[in-house]
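Visitor: Let me give you the structure first, and then I'll get to my questions.
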Amino acid sequence: MQGILLIAAGGAIGAVLRFLVSEIAVKYAGTSFPWGTIAVNLIGCFIIGIMWGVFNALDLGNNARMFIFVGILGAFTTFSTFAVENVTLFKAGEMHLLAINVLISNIVGIFLVFAGVYLSTLIFNR
């Protein structure tokens with residue numbers, strides 16, 4: 001039961017953070033492209049990379065892992081919204097924007113996970 005409560009608490013935090021980051025992205029970049037979803041997913045990729053390195057270096061326990069990875073980051077990032085936005089771009093005939101969205105989200109996202117792991121490894125292997 002404790003694990004479920006930790007995931008729920010982390011999920012609440014992640015969902016609110018996702019909303020705030022998305023709102024900031026829309027405010028500054030507009031709604032013609034899914035910048036909010038890209039922002040949360042790329043930030044989430046970098047943070048999960050960092051946290052992966054932190055958890056490999058330190059014994060923080062399973063409860064902390066559930067709270068951060070499943071709760072906060074699970075609610076912060078979003079694959080379903082990414083998918084819906086791509087279908088919307090497809091239906092609108094915006095194939096170039098769809099391709100850009102897929103490429104940025106996947107290539108840059110994977111790079112940011114590696115970058116986060118590398119950064120945390122540098123910090124904790126000193």
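Visitor: Looking at the chain from every direction and averaging, what is the projected area of its Cα convex hull in nm²?
Guide: About 8.3 nm², averaged over all directions.
Visitor: Select from Ile38, Ile107, Ile68 the residue whose mean-square fluctuation is largest in a Gaussian network model of the chain (Cα-Cα springs shorter than 10 Å).
Guide: Most flexible of the set in this elastic network: Ile107.
Visitor: Hey, another quick one. Roughly how far apart, in whole Å, are the Cα centres of segment 105-121 and segment 10-54?
Guide: Comparing the Cα centres of segment 105-121 and segment 10-54, I get a distance of 15 Å.
Visitor: For Tyr118 and Leu103, calculate 0.36 nm times their separation in residues minus their Cα-Cα distance, and state this gained length in nm to one decimal.
Guide: Length gained between Tyr118 and Leu103: 3.2 nm.
Visitor: Quote to one decimal, in nm, the extra length available between Ile110 and Phe90 on full extension: 0.36 nm per residue of separation minus the C-alpha distance between them.
Guide: So the extension gain works out to 4.9 nm.
Visitor: Now, a different point. Which residue, Ala25, Ala57, Ala115, tops the fluctuation ranking in a GNM of the chain built on C-alpha contacts under 10 Å?
Guide: Ala57
Visitor: Label points 7 Å out from Cα along the Cβ direction at Leu20 and Ala8: separation in nm?
Guide: 2.3 nm
Visitor: Can you tell me the orientation of helix 109-124 relative to the chain, as the angle in degrees between its alpha-carbon axis and the longest Cα principal axis, to the nearest 10?
Guide: Approximately 30 degrees, to the nearest 10.
Visitor: Which Cα, out of Ile100, Val117, Val16, lies furthest along the positive dipole direction of the chain (beta carbon charges, K/R +1, D/E -1)?
Guide: Sorting the options by dipole projection puts first Val117.
Only the coordinates and a few stated rules stand behind these numbers; no lab work does. All of these numbers come straight from a predicted model, not from anything done at the bench. No Cβ is skipped: glycine too gets one built from the backbone with ideal geometry, and neighbour counts run over all protein chains shown.
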